[in-house]
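Below is one structure, written out as structure tokens; the observations come after it.
The values are calculated or read from the model by the stated rules, or taken from the named source; none is laboratory data. Keep in mind it's a predicted model, so treat the numbers as computed, not measured. Positions of Cβ are backbone-derived with ideal geometry, glycine not excepted, and every protein chain shown enters the neighbour counts.
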Amino acid sequence: MSQSWPKPGIGHVGEYQVSGHVLPVAASTTVNLNYVASSITATAVTSNGSITFYDSSNQTGSVTVPAGTSVRFTGKFIKFATAANTTAVVELTNIPASSYTPPRFGILSGS
């Protein structure tokens with residue numbers, strides 16, 4: 001019976017929201033995820049840090065994380081990088097990254 005359940009995805013919101021695992025990421029790491037992440041929490045340890053997000057292939061921008069704080073980002077992520085002073089905790093879904101095509105952020109805003 002469980003073999004006929006649908007895979008979690010865009011058309012199956014419940015499965016998308018509750019599925020997945022937590023992945024800790026060390027500082028100074030570029031991560032290409034095998035599964036779509038629903039959120040990333042970045043923490044700057046002793047001095048200001050940063051996290052950089054990517055669309056399908058290009059760097060789209062960095063966000064500064066103040067020293068001693070954590071910032072949580074929600075969305076759909078398959079690639080990001082942490083700075084030397086920034087660790088991350090990633091909430092992964094069970095949606096394979098290969099089945100998700102992230103938008104190019106440049107065309108979303110029209111600028």
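Some points to look at:
- Residue satisfying all of: in segment 81-105; of a type in the set (Ser, Thr, Tyr) and in a loop (DSSP other than H, G, I, E, B); modelled with the highest pLDDT among these: TYR100
- Subset of segment 15-34 [modelled with pLDDT of 65 or more, outside any strand (DSSP E or B) and exposed (fewer than 11 other Cβ atoms within 10 Å of the Cβ)]: ALA26
- Filtering segment 35-60 to residues that are in a strand (DSSP E or B), within 11 Å of the chain's Cα centre (by Cα) and either surrounded by fewer than 18 Cβ atoms within 10 Å (Cβ to Cβ) or not hydrophobic (A, V, I, L, M, F, W, C) (or both) leaves TYR35, SER38, SER39, THR41, THR52, TYR54.
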